[in-house]
Amino acid sequence: MKLSRKSDYALRALMTLVERFGKGPVSIRELAEKNDVPRGFLEHIMLDLKSQGVVKSIAGRIGGFLLARAPEEITMGEIVRHFDGLLAPIGCVSLSSYEPCSQEATCRFRRVLLDIRNYTAHKMDQANLAEVFGSKPVTPDEVFSSVFIGGDGI
């Protein structure tokens, strides 16, 4: 699974709104600059999140965006599903975008992909924005751990 730019940028902006939760709106300019996101693209993303009831906006010079719900009530799964549509790594194990395959009855690796779908969905649905914001950033040592060296494509 790979997140789309929309999901990535939405989650970046939402982390800023979690950081500022209860302290007033954050301007689109600040959201774009702080998160290294093109402002025009972010405006569309934020309006989309507004239509979904994730954020609300306040007009005016000191306006901007803020969370419409508490950070504990918004999950990564909700955001990613909205922008990317599915969490399944392949269509034959997707609930919402199921694509039949002629090999389903005999496919052995489909089981692994189903497990990946279920694990990913569970992790993202359990990861509310408050908990995600409270976690430590990933370090280079974690990304380049010798446990996975040689795993091309990771």
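The values are calculated or read from the model by the stated rules, or taken from the named source; none is laboratory data. Note that the coordinates shown come from a computational prediction; the quantities given were computed from them, not determined experimentally. So basically every Cβ, Gly included, is an ideal-geometry build from the backbone, and we count neighbours across all protein chains shown.
Which one of THR106, THR75 is in contact (Cβ under 8 Å) with a residue 12 or more places away in the chain and either within 25 Å of GLU19 (Cα to Cα) or not basic (Lys, Arg) (or both)?
Values: THR106 fails: in contact (Cβ under 8 Å) with a residue 12 or more places away in the chain.
That would be THR75, the only listed residue that is in contact (Cβ under 8 Å) with a residue 12 or more places away in the chain and either within 25 Å of GLU19 (Cα to Cα) or not basic (Lys, Arg) (or both).
Whether any residue in segment 14-31 is touching a Ser or Thr at 6+ places or on another chain (Cβ under 7 Å) and assigned to a helix (DSSP H, G or I) is what I want to check. Can you show your working first?
Going residue by residue through segment 14-31, those that are touching a Ser or Thr at 6+ places or on another chain (Cβ under 7 Å) are 26, 31.
So of that shortlist, the ones also assigned to a helix (DSSP H, G or I) come out as 31.
Looking for residues that are touching a Ser or Thr at 6+ places or on another chain (Cβ under 7 Å) and assigned to a helix (DSSP H, G or I), one finds at least one in segment 14-31, hence yes.
Can you name the residue in segment 93-115 that is hydrophobic (A, V, I, L, M, F, W, C) and at pLDDT 90 or above and, of all such residues, is surrounded by the most Cβ atoms within 10 Å (Cβ to Cβ)?
Looking only at segment 93-115, we keep the residues that are hydrophobic (A, V, I, L, M, F, W, C), and these are 93, 95, 101, 105, 107, 109, 112-114.
Subset that is at pLDDT 90 or above: 93, 101, 105, 107, 109, 112-114.
Details: VAL93: 23, CYS101: 13, ALA105: 7, CYS107: 13, PHE109: 9, VAL112: 11, LEU113: 17, LEU114: 16.
Checked segment 93-115; the qualifying residue surrounded by the most Cβ atoms within 10 Å (Cβ to Cβ) is VAL93.
What are the residues in segment 79-124 that are within 26 Å of GLN52 (Cβ to Cβ) and in contact with an Asp or Glu (Cβ under 8 Å, 6 or more places away or on another chain), if any?
The answer is HIS82, PHE83, GLY91.
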